[in-house]
Amino acid sequence: MNLFRAEEQARLFHDWDQDMEWTLQPLQWWATTFATPMFRNRGRSDFITWMSGEKGASAMHELRSRLSH
Amino acid sequence: MEFSLAELDEAYETLMSEVVRTGVVPHYAELSALIEISPNEALGRIQKIVELTPGWMHPGTDYIASFPPFNNQPTQYRISVDGEQKWFAQCGFEALACRWLFPGKTVRIEAPCLLGGEPLTIEMKDEEILLVDPDTIVGYTRSPVGGDAANRPFR
């Protein structure tokens, strides 16, 4: 789960896997993914309760949907 | 050892607030003193939190290696807040989530590119991306986000 200066560097990375090519995305896409509720709510005083409840399940579903391929 | 959600909330919030404040996730013996529980219970709560979240203990030890979005073990993703560098992000993607723990502050991510070591720099403040240098930065992973629990220490 790394950042690269540009697409050509990522494709030269020793861990490059063509089957995971879809994860090669612009910074903005990953910034938006890591701005979904699962990440925004870590500062809550009841984060584990929130994560374990309905809203947390919804947040995980949203994240998984975005990462489904 | 069983814990209530409220007990896990208390431990999680303390670990997170301490790493935000100091750059280091407390050891279980420190957590024990911070929330006035036994060291054994503090370790148990940490182990349960690690099971529930995409963090991990250093293999074979009782040390927290990763507590996302942060890492206790240094990584190449250095995080500065308002000009002060004392945090490391778990990975390049989690670096982008550090901003949510520092509302209203400028979070700067600095890392070398894994191909050639040339620098990457990103600045974020809440919803805004203030700087991306170079503007061609991309993300890539060959492992699932959130990770396979058995492989977390090694991804």
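The values are calculated or read from the model by the stated rules, or taken from the named source; none is laboratory data. For clarity, every value in this text was computed on a predicted model and none was experimentally measured. No Cβ is skipped: glycine too gets one built from the backbone with ideal geometry, and neighbour counts run over all protein chains shown. What goes into the accessible areas is simple: the full protein's heavy atoms, side chains included, and nothing from ligands, DNA or RNA. Shrake-Rupley method; radii C 1.70, N 1.55, O 1.52, S 1.80 Å.
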Only one of (1) farther than 16 Å from A:Ala35 by Cα; (2) open to solvent by less than 70 Å² (accessible area, probe 1.4 Å); (3) not aliphatic (A, V, I, L, M) does not apply to B:Pro69, and that is (1)
When residues of the stretch A:1-42 are filtered for being more than 7 Å from chain B (Cβ to nearest Cβ), of a type in the set (A, V, I, L, M) and over 20 Å from B:Asn71 (Cα atoms), how many remain?
0
In the stretch B:112-134, how many are modelled with pLDDT of 95 or more and open to solvent by 10 Å² or more (accessible area, probe 1.4 Å)?
14
Yes/no for B:Glu84 being without any contact (Cβ under 8 Å) to a residue 24 or more places away in the chain, among the acidic types (Asp, Glu) and open to solvent by 50 Å² or more (accessible area, probe 1.4 Å)
yes
Check A:Trp50, A:Trp29 and return the single one that is at pLDDT 95 or above and closer than 17 Å to B:Met124 by Cα.
A:Trp29
B:Asn40 fails exactly one of (1) over 27 Å from B:Arg108 (Cβ atoms); (2) within 14 Å of chain A (Cβ to nearest Cβ), namely (2)
Report, by residue number, each residue of the stretch B:97-111 that is surrounded by 17 or more Cβ atoms within 10 Å (Cβ to Cβ) and within 10 Å of another protein chain (Cβ to nearest Cβ).
B:Ala97, B:Cys98, B:Arg99, B:Trp100, B:Leu101, B:Phe102, B:Ile109, B:Ala111
